[in-house]
Amino acid sequence: MSIPTAAAGATPLLQVRGLKKQFKVTRRSGMKVRHELVKAVDGVDLTIYSGETVGLVGESGCGKSTAGRAILRLIEPTSGEILLNGVDLRSLRGEALRQARKDINIVFQDPFAALDPRMMIRDIVTEPLLAHGMISRNDVPERAKKLLETVGLRPEFAARYPHEFSGGQRQRIGIARAIATNPRLIILDEPISALDISIRAQILNLLEDLQETNGLSYLFIAHDLSVVRHICDRVAVMYLGAIVEEGPSDLVFTSPRHPYTRALLEAIPAADPDIRKERKLLEGDVPSPLDIPSGCRFRKRCPLAAAICESESPALLAAVDGHRAACHFALDSANSR
Amino acid sequence: MTTTSATTPPDYIEDDQAPSETPWQLAWRQLRKNKAAIAGLITLICLYGCAILANFLSPYRMELRSDQVFQPPSPIRFHNADGGFSLRPYTTQLKFNPSDNAFHEVAGTLEPVHFLVTGEPYRLLGILPLRIHLFGAPDHIPFHLLGTDSDGRDVFSRLLIGSQISLSIGIIAICITFSIGLTVGGIAGYWGGRVDSVIMRICEVIMSVPQFYLLIALAGLLPAKIDPRLTFLMIIIILSFVGWAGLARVVRGISLSVRELEYVQAARALGVPEGRIIRRHILPGAFTYASVAATLSIPGYILAESGLSFLGLGIKIPFPSWGNMLSAAQDLDVIQTKVWMLCPAAMIFITVLAFNFLGDGLRDALDPKLRR
């Protein structure tokens, strides 16, 4: 994996600013009708440079998948900016948006649901190329074979249907489809969570190879921290719709500055049974996104919570080397472990 | 394994010689496993085949009256006048005896039934002029396989001609409701929001009126003396008008869920144009489910037509339909002593059952979850 070149002055490939997605919920209790807002994504900033893999991690329900889909505008964001190569995707309508989708793509978690069961593999992988007029119908068989070879599948599979393949193979097909138009950025929405452990490494290796040969950037959405550490240059940790810590993988994993990140890391079981880790597991449940706590959104479960946490929302403060954390005690508690 | 990629060890499937099955072949294979569904399918093919060949199969014209009123089915014997076994069936004349109020065989009238005989002229499928019939007895012997009705008309012939009306009404009505339901339900499901609310409220209004009452009210509006072919058409229109709302609701639900499927989301993310997404992903996805719903609702139309005709609001005599034939079997005396008059009921029962078996089988065969 290439070392991130987040050098000052380089233009980011993707820049997300203040991304919000709110869902309106109507609740009726007797005669009273209450309109409430579910703040699924509550002001996310994210930057991805060319050739970089950025991890987006968090518990299920923290809004990471919603954020990924909102970036693609599969879910219409409520507010915020999504700059891809300097162009705001949110300003695009109709045909212009469709054209922009040549450069950004997605691989889904469930390889069984992501492929149309009625289409042959060759039609599935070449569909984006045809949609963008990049090839003609006559080129479909040839191009499909090439794409399948690229993702390590036999070219003969082109004339088969999705139901004939295993989960790992289907995920390869999904990846072949995602790289078909030669995009700059692929959003990987938990691409290996649904796969067998034995297949996961193969898919990760494939993704790394493709990144090297095609100069791809990834936004890797996951809840499995060990995988993220393995593949990502930088990591953003999400909690309740917002990013609470962000920085180079090594720094985040070795010296986490947000108590939430620390708790997540402590929850990873050690591979060596002799090592008895001293675990401080989080107490309580994730609060409802209908009712995000005032001040710091993590304070109700935080071991460090103090008076200031209730009154003031902590900003993402820079520590060192692009490592930032949204905690009032980020700087002083860093080495207190 | 010859074409192994150098970078990653691919997880190939072992039996690469196995021929690839299309989803349709797969569904067919699933369907074939279901014995009830196959029995239903074969039954339906036979029924519709008979309906198409009705004129050829029926020995008499459907409106031909005779003085043999309520004659029971003609006896069929497999022996000739000498008592020797014969593969060719023989029949005898039945004559009404007023003294004991019953039909009796007339001795010495044993005559052979001939096959592929020349008889009344007709047009097969309304085009091909023919005179040939599958079977027939000599002219002086009345041969009624399923007896005669109150006007001495041949029940077997009327059953066959009636099946043309009763069976086609379901198919034509479902074609109309299917296209309305697919369009309206598709629009409601795909656009959602206010369009959806308005369309669904209209559907609910139509569905909230008791169906059979609505049918009777509409059929009652038909003028009494109109061309029977027009009646047929009007009945189909009435049935479709009442039936589309239910199907539209089903299709709306289907397209709502298909729209959110990941492969549709993926196509959208890939920049596939909206029209192409609807055509290539949403409609085929919705179509399989909707066609199951359609198959299962055909019996409803057949029953509704029978019901209307039974009440005298549908197809009018002398034109036969299973419903109006059954209306002759209303009183207890007929049911007790003239059992052959209940044949249309048996046909309706068999048809409805066959459609339901087939529909259930199709639903299982087309369910992608069962394939994994």
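Amide H contacts for A:PHE220 (H built 1.01 Å from N in the peptide plane; partners 5 or more residues away or on another chain; cut-off under 5 Å): A:VAL54, A:GLY55, A:LEU56, A:LEU188. Taking A:LYS145 as the anchor, which lysines have their alpha carbon closer than 26 Å to its alpha carbon, excluding any fewer than eight residues away along the same chain? Partners found: A:LYS102. Taking the longest Cα principal axis of chain B as reference, the axis of helix B:35-52 is set at about 60 degrees. Give me the percent of the accessible area of the protein assembly as shown that comes from carbon and sulfur atoms, probe 1.4 Å, all protein chains in place. Heavy-atom surface of the protein assembly as shown belonging to carbon and sulfur, 1.4 Å probe: 59 percent.
Across the stretch B:55-152, Cα-Cα pairs farther apart than 22 Å form 35% of the total.
The GNM of chain B, with springs linking C-alpha atoms under 10 angstrom apart, assigns the highest mean-square fluctuation among B:LEU247, B:LEU239, B:LEU230 to B:LEU230. When B:LEU116, A:LEU207, B:LEU313 are compared by accessible surface with a 1.4 Å probe, the order from highest to lowest is B:LEU116, B:LEU313, A:LEU207. Looking at the protein assembly as shown, what % of the alpha carbon pairs are farther apart than 47 Å? Everything past 47 Å amounts to 42 percent. Averaging Cα coordinates gives a centre for the stretch A:213-231 and one for the stretch B:191-218; these two points are 51 Å apart.
Bridgeable lysines around B:LYS95 (alpha carbons under 24 Å apart, same-chain partners fewer than 8 residues away excluded): B:LYS338. Dimensions of the stretch B:245-333 along the principal axes, based on C-alpha atoms and rounded to the nearest Å, stand at 71, 22, 16, largest first.
Computed from phi, the 3J(HN,Hα) profile of the stretch A:58-65 under the Karplus parametrisation 6.51, -1.76, 1.60 (θ = phi - 60°) reads x, 5, 5, x, 7, x, 5, 5 Hz, with x in place of Gly and Pro. In summary, the lysines within cross-link reach of A:LYS300, defined as a Cα separation below 20 angstrom excluding same-chain residues under 8 places away, comprise A:LYS39, A:LYS280. Net charge in the neighbourhood of B:ALA219 (other residues with Cβ under 13 Å of its Cβ; Lys, Arg +1, Asp, Glu -1) is 0. Tell me the angle of helix B:193-208 to the major Cα principal axis of chain B, expressed in degrees between 0 and 90 and rounded to the nearest ten. Helix B:193-208 and the main axis of chain B meet at about 20 degrees. Dipole magnitude for chain B: computed about the Cα centre from +1 point charges on Lys and Arg Cβ and -1 point charges on Asp and Glu Cβ, it is near 900 debye.
Scalar couplings 3J(HN,Hα) for the stretch B:326-342, obtained by applying the Karplus form with A = 6.51, B = -1.76, C = 1.60 to θ = phi - 60°, are 5, 5, 6, 9, 7, 8, 4, 4, 5, 5, 6, 9, 10, 4, 4, 5, 8 Hz; x denotes Gly and Pro. Highest GNM mean-square fluctuation among A:ARG297, A:ARG177, A:ARG98, for chain A modelled with Cα contacts below 10 Å: A:ARG98. Taking Cα atoms only, the orientation of helix A:121-131 departs from the longest principal axis of chain A by about 80 degrees.
For the chain pair B and A, the buried solvent-accessible surface (1.4 Å probe, both sides summed) amounts to about 3700 Å². DSSP beta bridges fully contained in the protein assembly as shown are about 70 percent antiparallel. Of A:PRO77, A:PRO287, A:PRO259, the residue with the greatest mean-square motion in the GNM of chain A, using alpha carbon springs below 10 Å, is A:PRO287.
Accessible area per residue for the stretch B:147-242 is 46 Å², calculated with a 1.4 Å probe on protein heavy atoms, without ligands, DNA or RNA.
The Cα-based radius of gyration of chain B, divided by its Kirkwood radius, gives an Rg/Rh of 1.11.
The values are calculated or read from the model by the stated rules, or taken from the named source; none is laboratory data. The structure displayed is predicted, hence computed values, not measured ones. Methodologically, a virtual Cβ is constructed for each residue, glycine included, from the backbone with ideal geometry; neighbour enumeration extends over all protein chains shown. These accessible areas exclude ligands, DNA and RNA; they are computed on the full protein's heavy atoms, side chains included. Shrake-Rupley method; radii C 1.70, N 1.55, O 1.52, S 1.80 Å.
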